[in-house]
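Read the structure below first, then the notes.
The values are calculated or read from the model by the stated rules, or taken from the named source; none is laboratory data. Bear in mind that the values here come from a model prediction, so they are computed numbers and not experimental data. Positions of Cβ are generated from backbone atoms using ideal geometry, with glycine treated the same way; all protein chains shown enter the neighbour counts. Ligands, DNA and RNA are excluded from the accessible area calculation, which covers all protein heavy atoms including side chains. Shrake-Rupley method; radii C 1.70, N 1.55, O 1.52, S 1.80 Å.
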Amino acid sequence: MTRPAGSPRGTARELLGAPHPILSAVAEPVDPTAPEVVAAAADLLATLRHEPATTGLAAPQIGLSWRLIAFDAGLHPRSRSWAGELVVANPRLAGAAHWDHGREGCASIRGLTADVCRATRITVHGHLPGTGETVTIEADAFEARCIQHQLDHLDGLLFLDRVPGALSLHRRLHSCDA
């Protein structure tokens, strides 16, 4: 997301860890043009940039029960599509296809990864913070997985909620385990 003139730079915030109650609550819709939402979007990006090997964050992870996500999966080795460094307000999944299992981790659950089934092609609609402009994102492969992971955070779900059993859990061995 290109930072418009006059928009806040943002401050990296501390991430909440499971089992914090906000991580299991359904987030509230936001007015994407509200100054506090624009500031929160900037904070999400600053926090995302500050967290090594993290490709996405949701507002609940920084203590805000708002429907706001940030992601940038462009540098991940399993990425094919790349929407850019983006923040989306009130995102909603409009289409999903081609389901597959893949390894996931979470900045709010350090030290664990799991095999999770997700769509490998998705369409998401939402709004850009600041302008409120409608945005449509077509994502595949890892970027699709990353976005779906963030959407789950907005619905009070963690990736562990999608794990079919203990055999799907793994200790995180590398920082590139998404």
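Taking the Cβ of residue 123 as the center, what net charge do the other residues with Cβ under 13 Å away carry, scoring Lys and Arg +1 and Asp and Glu -1? Surrounding charge for residue 123 is -1. Each residue of the range 101-108 was assigned a 3J(HN,Hα) from its phi angle through the Karplus curve 6.51 cos²θ - 1.76 cosθ + 1.60 (θ = phi - 60°); the sequence is 8, x, 7, 9, x, 8, 5, 8 Hz, with glycine and proline shown as x.
With volume of the Cα convex hull per residue in Å³ in mind, check [x] 184; [y] 101; [z] 123 and report the label derived from this structure. Checked against the structure: label [y]. Applying the Karplus relation 6.51 cos²θ - 1.76 cosθ + 1.60 with θ = phi - 60° to the range 136-142 yields 3J(HN,Hα) values of 10, 10, 9, 10, 9, 6, 5 Hz, where x marks Gly and Pro.
Residues whose amide H comes within less than 5 Å of that of residue 94, counting only those at least five positions distant or on another chain, are 123, 124, 125 (H built at 1.01 Å from N in the peptide plane).
Our helix-only sum for the chain, with -39,500 (n - 2.57) per DSSP H run of n ≥ 4 divided by its residues, gives a mean residue ellipticity at 222 nm of -5500 deg cm²/dmol.
Close amide H pairs (under 5 Å, H built 1.01 Å from N) link residue 66 with 28, residues at least 5 positions away or on another chain. Scanning residues 5 or more positions from residue 13 or on other chains, those with amide H under 5 Å from its amide H are 47, with H placed 1.01 Å from N in the peptide plane. Along the range 50-58 the Karplus relation, 6.51 cos²θ - 1.76 cosθ + 1.60 evaluated at θ = phi - 60°, assigns HN-Hα couplings of 7, 8, x, 6, 10, 9, x, 9, 10 Hz to successive residues, with x for each Gly and Pro. Per residue, the range 75-159 exposes 42 Å² of solvent-accessible protein surface, assessed with a 1.4 angstrom probe and all protein chains in place.
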